[in-house]
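Trainee: I have a structure here, written as C-alpha cells, and I will follow up with some questions on it.
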Amino acid sequence: MAQASASSLPALARGFLQLSNARKIGLGVGVATVAAILWVLYLYSSAPEYRVLFANVSDKDGGAVIAALSQMNVPYRMADGGGAILVPAGAVYETRLKLASQGLPRGGGVGFELLETQKFGVSQFVEQVNYQRAVEGELARTIQSLAVVQSARVHLAIPKPTVFVRENQKPSASVLVTLYPGRTLDAAQVTGMVNLISSSVPELSSRNVTVVDQAGNLLSGPTGDTAGRTALDASQLKYLHQVEAAIAARIEGILRPITGAENVRAQVAANLDFSETEQTSESFKPNSNPRDQSIRSQQSNESNSTTPQAAQGVPGALSNQPPGAASAPLVTPQPGQPPGNQPPPPATSSQKEQTVNFEVDKTIRHTKGEVGSIRRLSVAVVVNYRRVGDGSKAKLEPLAEQEITQITDLAREAMGFSKDRGDTLNVVNAPFRVTEAEAAAASLPFWKDAGLIAMAISIAKWIAFIVIALIALMMTRTAMRDLIRLGAMPQPAAVGAGGPGMAMPVGGYEGQAAPGAAGGPAQAGYEGDLRAVRDMAKQDPAIVAQVVKGWVGRDE
C-alpha cells in the first residue's frame, strides 16, 4: 500500500501539470472550499462549551474576576454586555470555588463573613452593629440575584429592646434598588422582595418595608393606615380582569361556530365585591305544641306541715290540771268532731310545686361573605354582518331578527345572566370596518407573508451551503480522477530522428529511431505500447485527446 501511494504521487503531479489553467484554478478552488468546510466543522465540533460562571457582575467585581481568571490561565468569554462571565463547562465549579476562596465576587457589600474576623474583647454595641451590617449585606446580595436588579442597598432600623410594652417599637426597613437600563420590576416581584425582607428580620411587618428605585419612585405600596383605604390592589385588579376575560371568552367561544372566528366581539364589565363581611344572627320562633317539644329541665317541690292545736280554756290552775276520768257522752259525736270535751287533732297542710322548662325553638346563623363575588355584569356583544358571495362580488347583509334572538339567548346563558343582580346584555349587529393595513394583509397571497419569507431565506441559506459543498466535492473528485488517469498513462518518449517536438507514446525507449526493422526486442516493446495506447484511446478518448492537446501546445 505504501508503494502504491508513493507511486501515485508522481502520477498525480504529472496529471496536474498536464491540466489546463482553467482546470487547475477550478481544482484549487474546490480543494480550498472542501478544506475550509472541513476546518469549520472541526472547529465547531472541537470548540468547548461555555457556561455562566457569574451573572449580574458589577464593573468592579468583573475586573477583579477577569484578573484572577487570567492569573489562573482559565479561558473566559463575556456575555450580556459584560454582565456575565462564561468559562468552559468543565471548569465552572472548580473555578467558582477558587474565586470564592479569594472572596470574589465581593458583591459590593459585606455579609456574614464580617463576623468571621471578629476580634476578641469587642463591646456588645460593636457586635450588634456588625451583625446588623452582616444582615443588610446578605439581604442586598439576595436582592441583587434578581435578573433586573443591578445593585441594591438595604437599611434596617432595629430599635433597642425594652421591658415596657407601651414603649416597644417595631423594626422597619428601606431598600434602594438600581435597575438595569430599560428594565422594570412588576408588582409580583416587588411583593416578593418585601416579603423576603420581612421574613428575614424578626417582628418586621411587610407594611414597614419601603422599596425605592434609583429614580426615587416608590415601588412598594403605601404603608400604615393608608394601606387599608386604597381602592384595589394588584391582585384584586388581576382577578377582576381574569373574570371579565373568562366571561368574554365563553361568549365568543359559543358564538364563533355560528358567526365565524372574526365576526364577533364581546366585552364584559364586572362589578365585584371584595369586602370581607361576617354576620351572626339568632332568631326565635313561637312555641309549638308542648307534646312536640323537648324538655330542657324539670323541677318538682313537695312539702307537708302540721300545725299543733292552740291552748283553750280560762287561764289559771284549773285549765292546767289534767282532765278527769272519761264518761260516756250523752250525744254521739259527729264525724270529725272530737268526742266529749277532747281537743281537736292538729291541722295538717301539704304544698306541691312543679316547674318544667322546654327547649326554645332558636336558630343561630353565622354568615361569612364571599370575597370577590359578582355584584353585577354588563356585557356588550357586536356581531358582524353576514358576507354573501365570493371575491369582488361579495356583499354584507344584516342578520335576521330570529338569528339575533338566538345569539342573545346564547350569550345570556354563557354569561350566567341574573335578573336579580341587575345584569345587562346588549347585542348589536353592525358591519365591521377593516383598516387598510388589515385589508392589504388579507389580500396578500400566502407566499408574501413575512414569516414565511424569513423561514424560506433561512432554509435557502442552508440549501446553498449544502449545494456549494457538494459542487466543490464533485469538482475535486472529478479533478482527482482525471489526475490519476493522466498520471497512469505511459509517458511519450522523444524520437531522435523525428526532430524537435515529435514524441511517441512509448515508455522506456528514449533515443530510439523510428521503427524500420522488423523483429527484435525493441520492435516487440513498441508493438505492445502501441496496442496499450490504442486500447486506452478506445476506453477513454477524452484523456488521449487531452494528451495530444498537451503535445501540440508544447513550446519545445
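The values are calculated or read from the model by the stated rules, or taken from the named source; none is laboratory data. Note that the coordinates shown come from a computational prediction; the quantities given were computed from them, not determined experimentally. Please note: Cβ atoms are built from the backbone with ideal geometry, for glycine as well, and neighbour counts cover all protein chains shown. Heavy atoms of the whole protein, side chains included, go into the accessibility calculation; ligands, DNA and RNA do not. Shrake-Rupley method; radii C 1.70, N 1.55, O 1.52, S 1.80 Å.
Trainee: Mind checking whether some residue in segment 133-141 is more than 20 Å from residue 195 (Cβ to Cβ), open to solvent by 60 Å² or more (accessible area, probe 1.4 Å), more than 27 Å from the chain's Cα centre (by Cα) and at pLDDT 80 or above?
Mentor: Yes: segment 133-141 contains one or more residues that are more than 20 Å from residue 195 (Cβ to Cβ), open to solvent by 60 Å² or more (accessible area, probe 1.4 Å), more than 27 Å from the chain's Cα centre (by Cα) and at pLDDT 80 or above.
Yes/no per residue for (1) in contact (Cβ under 8 Å) with a residue 40 or more places away in the chain; (2) under 17 Å from residue 260 (Cβ atoms); (3) not aliphatic (A, V, I, L, M):
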position: 387; (1), (2), (3): no, yes, yes
position: 402; (1), (2), (3): no, no, yes
position: 407; (1), (2), (3): yes, yes, no
position: 410; (1), (2), (3): yes, yes, no
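Trainee: Considering (1) at pLDDT below 85; (2) open to solvent by 50 Å² or more (accessible area, probe 1.4 Å); (3) within 47 Å of the chain's Cα centre (by Cα), say which one residue 292 fails and leave the rest.
Mentor: Unmet condition: (3).
Trainee: Output the residue which, of all residues in segment 409-441 that are part of a loop (DSSP other than H, G, I, E, B) and open to solvent by 60 Å² or more (accessible area, probe 1.4 Å), is modelled with the lowest pLDDT.
Mentor: Among residues in segment 409-441 that are part of a loop (DSSP other than H, G, I, E, B) and open to solvent by 60 Å² or more (accessible area, probe 1.4 Å), the one modelled with the lowest pLDDT is 435.
Trainee: Look at residue 179 and say whether it is within 17 Å of residue 83 (Cα to Cα) and either charged (D, E, K, R) or modelled with pLDDT of 85 or more (or both).
Mentor: For residue 179, the condition - within 17 Å of residue 83 (Cα to Cα) and either charged (D, E, K, R) or modelled with pLDDT of 85 or more (or both) - is met.
Trainee: Failed condition for residue 371, given (1) at pLDDT below 90; (2) open to solvent by 70 Å² or more (accessible area, probe 1.4 Å); (3) over 19 Å from residue 244 (Cβ atoms); (4) not acidic (Asp, Glu), with all others met?
Mentor: (3)
Trainee: Going through segment 183-199 one residue at a time, which ones are open to solvent by less than 60 Å² (accessible area, probe 1.4 Å) and farther than 19 Å from residue 147 by Cβ?
Mentor: Correct list: 198 only.
Trainee: Taking segment 154-171 as the region of interest, how many residues are within 30 Å of residue 59 (Cβ to Cβ) and surrounded by fewer than 17 Cβ atoms within 10 Å (Cβ to Cβ)?
Mentor: Within segment 154-171, residues that are within 30 Å of residue 59 (Cβ to Cβ) and surrounded by fewer than 17 Cβ atoms within 10 Å (Cβ to Cβ) number 1.
Trainee: Considering segment 67-115 alone, what residues qualify as being assigned to a loop (DSSP other than H, G, I, E, B), open to solvent by 60 Å² or more (accessible area, probe 1.4 Å) and at pLDDT below 80?
Mentor: Of everything in segment 67-115, those that are assigned to a loop (DSSP other than H, G, I, E, B), open to solvent by 60 Å² or more (accessible area, probe 1.4 Å) and at pLDDT below 80 turn out to be 80, 81, 102, 106, 108.
Trainee: Taking segment 378-408 as the search range and keeping residues that are charged (D, E, K, R) and not in a helix (DSSP H, G or I), which one is most open to solvent (accessible area, probe 1.4 Å)?
Mentor: For segment 378-408, the residue satisfying everything is 387.
Trainee: Only residues in segment 153-174 that are in contact (Cβ under 8 Å) with a residue 40 or more places away in the chain count as the first member; pair them with residues that are assigned to a loop (DSSP other than H, G, I, E, B) and β-branched (Val, Ile, Thr), Cβ under 7 angstrom, at least 6 apart or cross-chain, and list the lot.
Mentor: Pairs found: 156/201.
Trainee: Still on this model: Restricting the search to segment 213-231, which residues are touching a helix residue (DSSP H, G or I) at 6+ places or on another chain (Cβ under 7 Å), at pLDDT below 85 and not in a helix (DSSP H, G or I)?
Mentor: Residues satisfying the conditions are 220, 221, 223.
Trainee: Under 9 Å by Cβ, and 6 or more places apart or on different chains, what pairs join a residue from segment 540-556 that is surrounded by 15 or more Cβ atoms within 10 Å (Cβ to Cβ) and at pLDDT 70 or above with one that is small (Gly, Ala, Ser) and in a helix (DSSP H, G or I)?
Mentor: Pairs that qualify, where the first residue is surrounded by 15 or more Cβ atoms within 10 Å (Cβ to Cβ) and at pLDDT 70 or above and the partner is small (Gly, Ala, Ser) and in a helix (DSSP H, G or I), are 543/537; 544/537.
Trainee: While we're here: Of the numbered conditions (1) among the β-branched types (Val, Ile, Thr); (2) at pLDDT below 75; (3) open to solvent by 60 Å² or more (accessible area, probe 1.4 Å), residue 57 satisfies every one except a single condition; which is it?
Mentor: Every listed condition holds for residue 57 apart from (3).
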